[in-house]
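So the structure is just underneath, and the comments pick up after that.
The values are calculated or read from the model by the stated rules, or taken from the named source; none is laboratory data. Here the structure is a predicted model, which is why all the values come from computation and not from measurement. For neighbour counting, all protein chains shown are included, and Cβ atoms are generated from backbone atoms with ideal geometry for every residue, glycine included.
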């Protein structure tokens, strides 16, 4: 009975865009079962000789249980197939579970496949723990192998650093927002500083057409992010926050510009990343 329900769930997931109601119904029915009865059947699929079966089981279990799937899928970071390892990293990225830090760091440092190293870097950025900044910094500076899709672990790690620091800023400006905030990390310290509020933006919301940022070149900016998030802050948008890492293993800076958007139920904030943040030390020098 349960193996059949799992097979139906995995099949429905493949057709979720065509028939989302069937997928939702089958998923809910499977979630209603005792998890202890369901997990062994997914684990059996994760040991299947066919890598596609293993990968589908990992993705399906994560969609079914979210973070609660982490302990079950973590061992598959050591799967013999780089495809399966890549899928595990992607699932861990989607849910940002701190229990995956050690395993992802091992993949970032030692996996023989560049796409897996890059996916591990992206997942670490999504988890958002500042303790991994030195390892991401090392990959950003040194791991330039190109994977079959044209990406590099270096590029993925650079994006992950921005993701991590942006999440760190959001945690600190949520609610009552000090203009200066910091955090001690295992090897150094992070400092955030609100440097501008109520920035007069271009009428169409374009960063490069805004007087304050007109001098920037595209190479000085990371990707922008438009997202739906529950950010409640007394800071007057658009506002700017500079972040500096004071760490002998990881000296870097970022500037984030938070722009509030008309709420269309899909996005309500844009966050722009400037890579050329002043490289001052936390004492302001």
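Across region 1-23, what is the number of residues that are within 19 Å of residue 42 (Cα to Cα) and either in a helix (DSSP H, G or I) or under 26 Å from the mean Cα position of the chain (by Cα) (or both)?
Matching residues across region 1-23 total 14.
Can you tell me which of (1) surrounded by fewer than 15 Cβ atoms within 10 Å (Cβ to Cβ); (2) more than 30 Å from residue 90 (Cα to Cα) is the one residue 235 doesn't meet?
(1)
For region 231-264, give me each residue that is touching a strand residue (DSSP E or B) at 6+ places or on another chain (Cβ under 8 Å), without any contact (Cβ under 8 Å) to a residue 60 or more places away in the chain and in a loop (DSSP other than H, G, I, E, B).
If the condition is that a residue be touching a strand residue (DSSP E or B) at 6+ places or on another chain (Cβ under 8 Å), without any contact (Cβ under 8 Å) to a residue 60 or more places away in the chain and in a loop (DSSP other than H, G, I, E, B), then 237, 238, 251, 261 are the ones that fit.
When you scan region 218-241, how many residues do you find that are modelled with pLDDT under 95 and under 20 Å from residue 161 (Cα atoms)?
11
With the checklist (1) within 25 Å of residue 72 (Cα to Cα); (2) in a helix (DSSP H, G or I) in hand, flag the one item residue 112 doesn't pass.
Going through (1) within 25 Å of residue 72 (Cα to Cα); (2) in a helix (DSSP H, G or I) one by one, residue 112 breaks only (2).
Anything in region 203-228 that is loosely packed, with under 13 Cβ neighbours inside 10 Å and assigned to a helix (DSSP H, G or I)? List them, or say none.
Result: 209, 211, 218, 219.
Considering only residues that are surrounded by fewer than 13 Cβ atoms within 10 Å (Cβ to Cβ) and closer than 13 Å to residue 239 by Cα, which ones fall in region 179-196?
179
Residues that are within 17 Å of the chain's Cα centre (by Cα) and under 16 Å from residue 121 (Cα atoms): list the helices (runs of 4 or more DSSP H) wholly contained in region 32-105 that include at least 3 such residues.
Qualifying helices (runs of 4 or more DSSP H): 82-95.
Results for (1) surrounded by fewer than 22 Cβ atoms within 10 Å (Cβ to Cβ); (2) under 16 Å from residue 156 (Cα atoms); (3) in the same structural domain as residue 156 (by TED's automatic domain parsing), shown as yes or no for each residue.
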{"position": "59", "(1), (2), (3)": "yes, no, yes"}
{"position": "92", "(1), (2), (3)": "no, yes, yes"}
{"position": "100", "(1), (2), (3)": "no, no, yes"}
{"position": "114", "(1), (2), (3)": "yes, yes, yes"}
{"position": "135", "(1), (2), (3)": "yes, yes, yes"}
{"position": "138", "(1), (2), (3)": "yes, yes, yes"}
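Is it true that residue 49 is out of contact with any helix residue (DSSP H, G or I) (no Cβ under 9 Å at 6 or more places or on another chain), at pLDDT 95 or above and loosely packed, with under 13 Cβ neighbours inside 10 Å?
In short, yes.
Tally the residues that are touching a residue at least 40 places away in the same chain (Cβ under 8 Å), over 21 Å from residue 225 (Cα atoms) and assigned to a strand (DSSP E or B), restricting the search to region 160-200.
Residues that pass the stated criteria total 7.
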